[in-house]
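Below is one structure; the comments refer to it alone.
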Amino acid sequence: MCIPFRRPESENGSSAGSEAYRPYIRPPSVSDTETMSTSAVSPHLSRQTGGVQLFTPLRIRDIEFPNRIVVSPMCQYSCVDGFANDWHLVHLGSRAIGGAALVIAEATAIEPRGRISPWDLGIWKDDHIDPLARVARFIKDRGSVPGIQLAHAGRKASTDVPWRGGGVVSESVGGWRPVAPSAIPFSPASPVPAALTTPEIHEIVSRFAEAAQRALQAGFEVIELHGAHGYLIHEFLSPLSNQRTDEYGGSLENRFRFASDVAKAVRAVWPATLPLFLRISASDWAEDGWTLDESVELARAVQLLGVDLIDCSSGGTLPYVPIPSADPGYQVPFAERIRRETGILTGAVGLITDAQQAENIIRDESADLVLLAREFLREPYWPIKAAQELGVQIPLADQYKRAFPNVR
Ligand SMILES: Cc1cc2nc3c(=O)[nH]c(=O)nc-3n(C[C@H](O)[C@H](O)[C@H](O)COP(=O)(O)O)c2cc1C
């Protein structure tokens, strides 16, 4: 039987014409003709997990994650003036098609000088909202949760794209002077950053809150604050990059203050129904640097401010630090300890590539979510393959069903 083509403009309540660029999501099927305009149930949710923990849902606040697999934020260095474009739609959208529970858009700068490179994604002005909304809407329509990482690169700002070597982009060719807690450069090749004044710190905190409001308007349902990898929030935490003598430096409480201020300001504008994550580097891997013990304390502190999950990465404060053992899942013990000692939810990230490995992390309660980055660049449909390997049925996009005859 031939079903007449119908653009599913009412699928998410949008009206034809008002969103002319809205992508065509799903071809109509017989049952869709009855349910298309009313179905709000995630297509990833109706599946059998047969005891496999990786594919059990997780609820945080009012958001139901259909499984435990997350696309870790990954800079794409593909914007002009911070605007999301077709690259972001296809890059993030295809991983939502692949069945990830949560797709987190890359480090998104809350002000222009907070970009790692001039080509970073941005959310510092209202004009950024519409193109981001297009991406968030597609992810949500595919049954995944759209998330965004809010970031400020601090002293590691104004660098070139990695595929050209990632060197400094100087002010004479369109770069800018980075800012930081203290005037200490990241590496001998980096510019000396301007140490932020207290009013400037307060302004940046406000920029984070404004960015969160824009993220909400764009339709994102998870915010992750980027407090890892040697960028601004981490720079305040680590004594290697923060040598301030005011209330933002010195004692642990003082070094926590910027992260806490940002978490508080964002939580104040981010609805109580929506999750807030914080990514940290759980260790600087360096003598006199930020430690796992301090990370545990930070997790306790921000939990009280409404942070729901700590995404546990590591490193980034110093350019050349030997990591004792970069084996598969080498950062999982950070997630495990922070979870066990504080009771906060955690995410494990770093060299997670294998379905059984990911399943073990969730089953052993080392973490509540697994985040994959490079493996998702190799395999956008990793969750579908993991489900097959673990013998779990997960719903597929209708358009792709012929490639997986044994899957619903
Ligand atoms: C291309 C690329 C871009 C990245 N950009 C970000 C980013 O924007 N924010 C972030 O917190 N981490 C970023 N990361 C780090 C990843 O999110 C992840 O933590 C890291 O790659 C380890 O996970 P993996 O072993 O699964 O790749 C990036 C990694 C890659 C490969």
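Close Cβ contacts (under 6 Å, 6 or more residues apart or on different chains) running from residues in the stretch 127-143 that are assigned by TED's automatic domain parsing to the domain that holds residue 65 to residues that are surrounded by 21 or more Cβ atoms within 10 Å (Cβ to Cβ) and charged (D, E, K, R) comprise 129/214. Within the stretch 138-166, the set of residues being within 14 Å of the ligand (Cβ to nearest atom), part of a loop (DSSP other than H, G, I, E, B) and in contact with a Phe, Trp or Tyr (Cβ under 6 Å, 6 or more places away or on another chain) comprises 153, 161. Answer yes or no: is there a residue in the stretch 312-319 that is crowded, with 24+ Cβ neighbours inside 10 Å and either out of contact with any helix residue (DSSP H, G or I) (no Cβ under 7 Å at 6 or more places or on another chain) or among the charged types (D, E, K, R) (or both). Yes, because at least one residue in the stretch 312-319 is crowded, with 24+ Cβ neighbours inside 10 Å and either out of contact with any helix residue (DSSP H, G or I) (no Cβ under 7 Å at 6 or more places or on another chain) or among the charged types (D, E, K, R) (or both).
Residue under question is residue 310, and the condition is that it be under 16 Å from residue 334 (Cβ atoms) and in contact with a Leu (Cβ under 7 Å, 6 or more places away or on another chain); does it hold?
Criteria met by residue 310.
Selection over the stretch 111-122 of residues that are within 13 Å of the ligand (Cβ to nearest atom) and either in a loop (DSSP other than H, G, I, E, B) or among the basic types (Lys, Arg) (or both) gives a count of 5. I'm trying to understand the selection: among the residues of the stretch 136-179, which are touching a strand residue (DSSP E or B) at 6+ places or on another chain (Cβ under 9 Å) and of a type in the set (Asp, Glu)? If the condition is that a residue be touching a strand residue (DSSP E or B) at 6+ places or on another chain (Cβ under 9 Å) and of a type in the set (Asp, Glu), then 160 is the only one that fits. Just one of (1) crowded, with 16+ Cβ neighbours inside 10 Å; (2) within 16 Å of the ligand (Cβ to nearest atom); (3) farther than 19 Å from residue 184 by Cα; (4) at pLDDT 95 or above fails for residue 333. It is (1). Taking residues in the stretch 201-213 that are of a type in the set (Lys, Arg), and partners anywhere that are surrounded by fewer than 18 Cβ atoms within 10 Å (Cβ to Cβ), not one pair has Cβ atoms closer than 8 Å while being at least 6 places apart or on different chains. So residue 323 ticks every box in (1) within 16 Å of the ligand (Cβ to nearest atom); (2) within 30 Å of residue 262 (Cβ to Cβ); (3) within 22 Å of the chain's Cα centre (by Cα) but one. Which box is left unticked? Every condition holds for residue 323 apart from (3). Screening residue 374 on (1) over 20 Å from residue 64 (Cβ atoms); (2) away from the ligand (no atom under 14 Å from the Cβ); (3) modelled with pLDDT of 95 or more shows it passes everything except condition (2).
Kindly check whether there is at least one residue in the stretch 321-328 that is in the same structural domain as residue 71 (by TED's automatic domain parsing) and under 9 Å from residue 367 (Cβ atoms). Write out each step before concluding.
Filtering the stretch 321-328 for residues in the same structural domain as residue 71 (by TED's automatic domain parsing) gives 321-328.
Checking the rest, the ones that are also under 9 Å from residue 367 (Cβ atoms) come to none.
The answer is no; no qualifying residue exists.
Considering the stretch 339-358, the residues that are away from the ligand (no atom under 16 Å from the Cβ) and touching a residue at least 40 places away in the same chain (Cβ under 8 Å) include one that is nearest to residue 69 (Cα to Cα), namely 345.
Within the bounds of the stretch 83-100, is there any residue that is under 26 Å from residue 393 (Cβ atoms), within 13 Å of the ligand (Cβ to nearest atom) and not in a loop (DSSP other than H, G, I, E, B)? Scanning the stretch 83-100 turns up at least one residue that is under 26 Å from residue 393 (Cβ atoms), within 13 Å of the ligand (Cβ to nearest atom) and not in a loop (DSSP other than H, G, I, E, B).
The values are calculated or read from the model by the stated rules, or taken from the named source; none is laboratory data. Keep in mind that what you see is a predicted model, and the values were worked out from it rather than measured. When we count neighbours, we look across all protein chains shown, and the Cβ atoms used for this are built from the backbone with ideal geometry, even at glycine.
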